[in-house]
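Written below as structure tokens is the structure these notes are about.
A short reminder: the numbers here are calculations on the coordinates, not readings from a lab. Everything numeric here is computed off the predicted structure, so don't read it as measured data. All Cβ positions, even for glycine, are placed from backbone atoms using ideal geometry, and neighbour counts span all protein chains on display.
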Amino acid sequence: MRRITLTRFLIEEQRHKGVIQSDLRLLIEVVARACKAIAIAIGKGNLADVLGSNATENVQGEVQKKLDVISNEILLEANEWGGHLAAMASEEMDHPYVIPHRYPKGEYLLLFDPLDGSSNIDVNVSVGTIFSVLQCPENIDHVEEHHFLQAGAKQVCAGYAVYGPTTLLVLTLGNGVHCFTLDRELGSFVLTESNLRIPEETKEFSINMSNMRHWEPPVRRYIDELLAGRTGPRGKDFNMRWVASMVADVHRILTRGGIFMYPRDAREPGKPGKLRLMYEANPMSFIVEQAGGASTDGTQRILDIQPTELHQRVAVFLGSKNEVEHVTAYHR
């Protein structure tokens with residue numbers, strides 16, 4: 001069987017299909033190398049004293065894990081000098097990181113959640129990295145926050161890494177979704193699945209049931225119907241799966257179908273949701289749609305939302321198309 005590495009895959013996308021430019025190919029390869037470095041740091045765990053919390057908080061007021069900070073630094077240092085980026089933005093930083101003047105600047109903007117699901121680190125459950133790539137507006141001398149505020153539909157690339165029993169890299173360039181597995185001996189990501197498709201029908205859902213008392217009526221109605229099983233209005237039994245790591249939950253849905261939900265709730269009525277639009281919802285929605293699924297905030301397509309803040313939050317319903325449409329119809 002012919003083994004296609006990530007590098008070969010990207011070169012063929014550039015050379016034969018004209019899907020990407022050379023700078024975007026380089027950017028993806030650099031992000032992939034950074035993900036390999038993060039995987040190594042996670043794999044060492046207590047051997048390298050990287051578990052536990054740091055004595056800092058991020059911009060959202062959340063206590064950072066040591067590996068949150070380490071992963072963020074790995075991504076910044078890997079990407080700042082290559083000449084393919086104009087600036088970066090991270091869930092862990094208050095403001096964008098502009099490429100230092102000593103390095104050449106490129107035409108892309110990189111956004112990332114360096115370690116999604118980091119609350120699971122200390123109990124050895126799968127976590128991941130999520131990233132999104134945007135085109136930097138032309139004729140910009142100095143990148144500022146508002147240059148990042150582009151609707152998710154304008155993404156040129158999105159992907160995530162899963163650090164689990166195997167390390168996976170899932171990627172879309174806007175022409176389907178492809179999965180690469182890290183060959184630890186060779187140190188290369190190898191293409192293992194092409195053109196992933198999410199089944200339209202499913203019997204699995206993913207939500208934090210402990211928050212049920214805080215949900216809005218459309219979500220409670222939808223979940224009540226799922227829990228009613230085959231004797232209820234849906235006429236079939238559903239299983240619930242919840243890892244509390246968006247990367248792990250979405251990857252399961254990408255693999256075998258399902259719906260992932262993180263709705264707004266009454267605990268913080270002033271916030272439209274918990275997840276970050278730019279670092280989590282947009283890239284995951286791009287991937288899910290490219291795999292034949294759907295993604296909304298309960299009322300509209302997530303990729304159509306015009307951001308107003310870099311760290312904007314949003315409710316998320318994504319996965320198998322029929323179920324997403326079902327719960328969205330209840331909101332409408």
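Go ahead and set up a Gaussian network model of the chain, Cα springs under 10 Å, then flag whichever of Asp23, Asp237, Asp68 fluctuates most.
Top of the fluctuation ranking is Asp237.
List the trypsin sites (Lys or Arg not before Pro) within the stretch 196-235 that DSSP assigns to loop and that have no more than 13 neighbouring Cβ atoms inside 10 Å.
Passing sites in the stretch 196-235 are Arg197.
Once fully extended, how much extra length lies between Ala228 and Asn195, figured as 0.36 nm per residue of separation less the alpha-carbon to alpha-carbon distance?
Value of the extension gain: 8.5 nm.
Arrange the following residues from fewest to most other Cβ atoms within 10 Å of their Cβ: Tyr97, Tyr330.
Tyr330, Tyr97
Run the quick spin-label model on His146 and His16: label points 7 Å from Cα toward the beta carbon, then report their separation in nm to one decimal.
4.5
Hey, got a sec? Which GluC sites (Glu not before Pro) in the stretch 263-332 land in a DSSP loop and have at most 14 other Cβ atoms within 10 Å?
For GluC sites (Glu not before Pro) across the stretch 263-332 that sit outside H, G, I, E and B with at most 14 neighbouring Cβ atoms in 10 Å, the list reads Glu309.
Tell me which lysines have Cα within less than 22 Å of Lys105's Cα, excluding those fewer than 8 residues away on the same chain?
Hits, sequence-local ones excluded: Lys154.
Could you calculate the contour length gain from Leu47 to Trp81, that is, 0.36 nm times the residue separation minus the distance between their Cα atoms, to one decimal place in nm?
Answer, rounded to one decimal: 9.2 nm.
Are there DSSP H segments in the chain that both extend 27 Å or more along their axis (alpha-carbon positions) and score a mean Kyte-Doolittle hydropathy of at least 0.5? List them, or say none.
Going by DSSP H runs, the hits are 22-44.
What distance in nm separates the simple spin-label points at Ala37 and Asp122, each placed 7 Å from Cα in the Cβ direction?
My value for the distance between the label points is 2.7 nm.
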